[in-house]
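Scroll down for the structure; my scribbles are underneath it.
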Amino acid sequence: MSDASTRQAIEAVFRIERSKLIAGLARMLRDLDAAEELAQDAFLAAFTDWPVTGIPDNPGAWLMTTAKRRAIDAIRRRQLHADKEAFLVDEAEQAKPFASIEDIEAAMDHDIGDHRLGLIFTACHPVLGADARAALTLRLLGGLDTGEIGRAFLTSEATIAQRIVRAKRSIGEAGVAFEVPRGRELAPRLASVLEVIYLIFNEGYAATAGDDRMRPALCQEAQRLGRVLAARLPDEPEVFGLLALMELQASRLVARTAADGSLLTLAQQNRARWDQLLVHRGLAALNRSEALGGERGPYALQARIAAHHARAKIYEATDWPGIASTYDTLAEVMPSPVIELNRAVAHSMAYGPEAGLRLLDAIAETPALQTYAPLPAARGDFLFRAGRVLEAKLQFARAAELAQNAREREFLRKRSEACG
């Protein structure tokens, strides 16, 4: 394998294993900064060793072993003081100091289940504000840099960097356990965890910026976390509602772009390319959510909308009145400008473009939507379908100006040009 190929392979391995490394090390060390540094050190060690020795059969295990050894070396340098050893103790041994390096290694190798799930509950601890929780989780588990997170939140990169530093400090000062909470501690944190998992999924499904419209690896990571969460919390309806929503939306990923990379609308997509295994999983998760009494949960309602699309064998068979009705309920349960915008789209499809325009007029002055590209994009679509082509052209052009993602911007420009 050439040096360039080896480098690409190492970078691919690190993208895949990074969050697992950080989660496992944070659980061991109770220190997020140290966990990130050790993960990076292991990555650099791979760049040095693998071009010579070859890529190991289990590269993830190699990286973790390397990081563990460096962690132990650091502890040795601190002479294993008892107050330092407590950071690595298992919960059942919280008051018992380690007697030796062997004890530390045993604790490191202890099987604690899914490290990343524990890390996301840590990142979503109530000691942090909502923005900090999302930013920290996207950094640690999603692997996004501060610039990408800043674009997702329409916030400067410097602000995001400060937010992450403060979040890490707050977690350390509060002595937060790197584990999934139990009992009464679970409920207050679950809603935030679900929100952050879906935020990670959405960043993969519709990237906020850059040249790529989608980042499937982020979608897959969010789905994996959702499946693990559902297995651990089998009686939580909204967990299954979120899982259903992600599985159903992910089923369309491959069909969302043409061969040249351009975006395809739902009407243009080849539904034979939709992943039927994911559709089946999504519908099963939705049934589970509703059986648990979660039919009015925000994620279950959004999953029901996705299910309407999944059940339609052709675009023309889509149950738009059913989708519009579900959006009406969702707007009551979870009122937000974006939900109202999507509701307007559904009503335009069910009852005509003028119905959609009336709903858009009701939210047109909402501050949060003034620089939101989907608002003029939706208005452009309604106007085009109503035969008001020149007005539509201006709206699509405005949407293209606001779009931060290159693929989305090109899609909107083409729609504007198509208006003549």
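Every read-out reported here was derived from the displayed coordinates using simple, explicitly stated rules and does not represent laboratory data. In this text the structure is predicted, and so the values were computed from the model without any measurement. Don't worry about glycine lacking a Cβ; one is built from the backbone with ideal geometry, like all the others, and counts go over all protein chains shown.
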Computed FRET efficiency, Cβ-Cβ of Arg224 and Asp145, R0 25 Å: what is it to the nearest 0.05?
-> 0.70
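Suppose the chain between Glu401 and Gln8 were pulled fully straight at 0.36 nm per residue; how much longer would it get relative to their current alpha carbon spacing? If you can, show how the numbers build up before the last one.
On the way: separation 393, 0.36 × 393 = 141.48 nm, distance 3.46 nm.
Full extension from Glu401 to Gln8 adds 138.0 nm.
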Near the amide H of Thr257, under 5 Å away, which other amide H atoms are found, from residues 5 or more places off or on another chain, if H is placed in the peptide plane?
-> Leu264
Pull out the extension gain between Asp49 and Asp260, defined as 0.36 nm times the separation in residues minus the alpha carbon to alpha carbon distance; nm, one decimal.
-> 72.1 nm
For labels at Trp320 and Met334 in the simple 7 Å Cα→Cβ model, what's the distance in nm?
-> 2.4 nm
By count of other Cβ within 10 Å, fewest leading, how are Arg409, Arg27 ordered?
-> Arg409, Arg27
Of Arg288, Arg407, Arg15, the one that fluctuates the most in a GNM where the chain has Cα springs shorter than 10 Å = Arg15
Starting at the first residue of segment 28-33, write each ³J(HN,Hα) from the Karplus equation 6.51 cos²θ - 1.76 cosθ + 1.60 with θ = phi - 60°, in whole Hz, x for Gly and Pro.
-> 6, 9, 6, 8, 5, 4
Using only Cα atoms, tell me the angle between helix 157-174 and the longest principal axis of the chain; keep it within 0 to 90° and round to the nearest 10.
-> 50 degrees
Along the Cα-to-Cβ line of Ala364, 7 Å from the Cα, sits a label point; which residues in segment 387-420 have backbone N less than 19 Å from it?
-> 387-402
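Classify the chain as rounded, prolate or oblate from the Cα gyration tensor: take a ≥ b ≥ c as the square roots of its eigenvalues, call it rounded if a/c is under 1.5, otherwise prolate when a/b beats b/c and oblate if not.
Working: a/c = 2.16, a/b = 1.79, b/c = 1.21.
Verdict is prolate for the chain.
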Extension gain Asp73-Thr155, at 0.36 nm per residue separation less the Cα-Cα distance, in nm?
-> 25.6 nm
